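Below you will find the structure I want to go over with you.
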Amino acid sequence: MERKTPLPPSSGGVLIEGKRGKLLGHTYLPGGEYPKPVVLICHGIPGKERLFDFAVALRDASFCTLSFHYSGSWGSDGDYSVSHCFEDCLSALEYIRKNENGWFDLNNVFMVGHSMGGLMTARTAAQCALVKAGVILVPMDFKPITQEALGLCEPRYGAFLDEAFLWLKGIDRARMYEDVTANAAAMDLVSYAAALADKPILTVTGTLDTVLPREDHVDRLNAAIAACGKGKLVSKVYETDHPFNMHRDEIRRDVIDFLLANVD
């Protein structure tokens with residue numbers, strides 16, 4: 001379905017059908033003639049940083065964007081878990097695939113994910129041919145958290161997770177640990193490196209990130225992708241913290257330039 005009648009820029013809420021009920025979503029649409037390239041934006045845990053400024057800037061660069069909230073977060077139906085988040089990403093991608101309004105150019109579907117959303121982006125981009133390229137911002141690898149849950153390392157992430165759970169429904173540390181240990185392979189960020197090496201990928205690292213130190217998370221992914229030798233990885237490093245409170249404008253520009261370079 002194509003829309004040849006120009007439309008004005010717009011934004012609004014959408015409801016996505018998920019496995020546990022409705023997922024609350026939001027679109028920014030650039031206006032003009034459709035279809036347009038589309039970016040699925042995935043926030044982290046619990047989702048206080050939602051990259052809405054990235055979404056608006058992407059709209060200004062002629063991308064449609066779709067942001068959404070995982071099950072059990074920010075009003076979406078169901079209970080929260082990391083495994084549910086994986087499924088929710090597929091539900092959001094299916095919303096794009098159906099393209100009922102004719103907004104989206106299905107030859108140019110991209111993903112951007114921050115923190116835990118970086119893991120969501122890595123897995124979904126690795127497994128779904130529809131996703132052409134991905135941007136992975138200070139990603140969260142759950143392998144260290146799985147090791148913590150199994151008592152294989154010193155506790156490091158529990159307090160961070162406990163604070164996040166205050167914003168989420170149906171989740172606590174025991175349930176999180178049960179999920180990550182039962183699904184350990186899916187939680188390992190590096191396990192997606194070989195598949196990601198076949199696609200253009202941009203990673204962004206914050207040297208001041210104390211929430212997810214780079215050596216335990218994004219650096220491992222970068223090394224594993226680079227070891228595949230396919231030369232499609234772009235990695236940017238900034239002197240910034242986990243929420244990108246410094247150099248945010250430059251990071252946003254890097255993301256937009258990378259995605260524009262991969263539009264057919």
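Nothing in this text is a laboratory measurement; each read-out follows from the coordinates by a stated rule. Predicted model, so just to flag it, every value in this text is computed and none were measured. When we count neighbours, we look across all protein chains shown, and the Cβ atoms used for this are built from the backbone with ideal geometry, even at glycine.
All but one of (1) out of contact with any Phe, Trp or Tyr (no Cβ under 6 Å at 6 or more places or on another chain); (2) surrounded by 14 or more Cβ atoms within 10 Å (Cβ to Cβ); (3) of a type outside the set (Val, Ile, Thr) hold for Leu202; state the number of the condition that does not hold.
Unmet condition: (1).
Just to be sure, is Gly113 in contact with a strand residue (DSSP E or B) (Cβ under 8 Å, 6 or more places away or on another chain) and part of a helix (DSSP H, G or I)? Full working, then the answer.
On the way: in contact with a strand residue (DSSP E or B) (Cβ under 8 Å, 6 or more places away or on another chain): yes; part of a helix (DSSP H, G or I): no.
Criteria not met by Gly113.
While we're looking at this one, here's another question. Checking the conditions here, which among Asp60, Asp53 is under 21 Å from Leu7 (Cα atoms), surrounded by fewer than 24 Cβ atoms within 10 Å (Cβ to Cβ) and of a type in the set (Asp, Glu)?
On the way: Asp53 fails: under 21 Å from Leu7 (Cα atoms).
None of the other options fit; the residue is Asp60.
Anything in the stretch 223-247 that is among the charged types (D, E, K, R), over 25 Å from Lys199 (Cα atoms) and surrounded by 15 or more Cβ atoms within 10 Å (Cβ to Cβ)? List them, or say none. Write out each step before concluding.
Step one: list which residues in the stretch 223-247 are among the charged types (D, E, K, R), which gives 230, 232, 236, 239, 241.
If we keep only those that are over 25 Å from Lys199 (Cα atoms) too, we end up with 239, 241.
Asp241 - this is the single residue of the stretch 223-247 that is among the charged types (D, E, K, R), over 25 Å from Lys199 (Cα atoms) and surrounded by 15 or more Cβ atoms within 10 Å (Cβ to Cβ).
Is there a residue in the stretch 65-83 that is in contact with a Phe, Trp or Tyr (Cβ under 6 Å, 6 or more places away or on another chain), touching a residue at least 40 places away in the same chain (Cβ under 8 Å), hydrophobic (A, V, I, L, M, F, W, C) and surrounded by 17 or more Cβ atoms within 10 Å (Cβ to Cβ)?
No: the stretch 65-83 contains no residue that is in contact with a Phe, Trp or Tyr (Cβ under 6 Å, 6 or more places away or on another chain), touching a residue at least 40 places away in the same chain (Cβ under 8 Å), hydrophobic (A, V, I, L, M, F, W, C) and surrounded by 17 or more Cβ atoms within 10 Å (Cβ to Cβ).
Still on this structure: From the set of residues in the stretch 106-127 that are under 13 Å from Leu40 (Cβ atoms) and more than 14 Å from the chain's Cα centre (by Cα), which is surrounded by the fewest Cβ atoms within 10 Å (Cβ to Cβ)?
Among them, the one singled out is Leu106.
Can you tell me how many residues in the stretch 190-207 are of a type in the set (Val, Ile, Thr) and in a helix (DSSP H, G or I)?
Initial filter on the stretch 190-207 (of a type in the set (Val, Ile, Thr)): 190, 201, 203-205, 207.
With the extra rule that they be in a helix (DSSP H, G or I), the set shrinks to 190.
The total comes to 1.
Determine which single condition Cys153 fails, assuming it passes every other condition in (1) out of contact with any Phe, Trp or Tyr (no Cβ under 7 Å at 6 or more places or on another chain); (2) crowded, with 18+ Cβ neighbours inside 10 Å.
Just one mismatch for Cys153, condition (2).
So which strands (runs of 3 or more DSSP E) are wholly in the stretch 1-90 and hold at least 3 residues that are more than 24 Å from Leu189 (Cβ to Cβ) and under 19 Å from the mean Cα position of the chain (by Cα)?
Numbers: elements: 3-7, 10-18, 21-29, 32-34, 36-42, 64-68.
In the stretch 1-90, the matching strands (runs of 3 or more DSSP E) lie at 10-18, 21-29.
Another one. Which residues, taken from the stretch 208-241, are assigned to a loop (DSSP other than H, G, I, E, B) and touching a strand residue (DSSP E or B) at 6+ places or on another chain (Cβ under 6 Å)?
Scanning the stretch 208-241 gives Thr240, Asp241.
Just the residues that are assigned to a helix (DSSP H, G or I) and either without any contact (Cβ under 8 Å) to a residue 40 or more places away in the chain or surrounded by fewer than 18 Cβ atoms within 10 Å (Cβ to Cβ) (or both), please, taken from the stretch 166-189.
Step one: of the stretch 166-189, the residues assigned to a helix (DSSP H, G or I) are 173-182, 184-187, 189.
Hits for the stretch 166-189 are Arg173, Ala174, Arg175, Tyr177, Glu178, Thr181, Ala182, Ala184, Ala185, Ala186.
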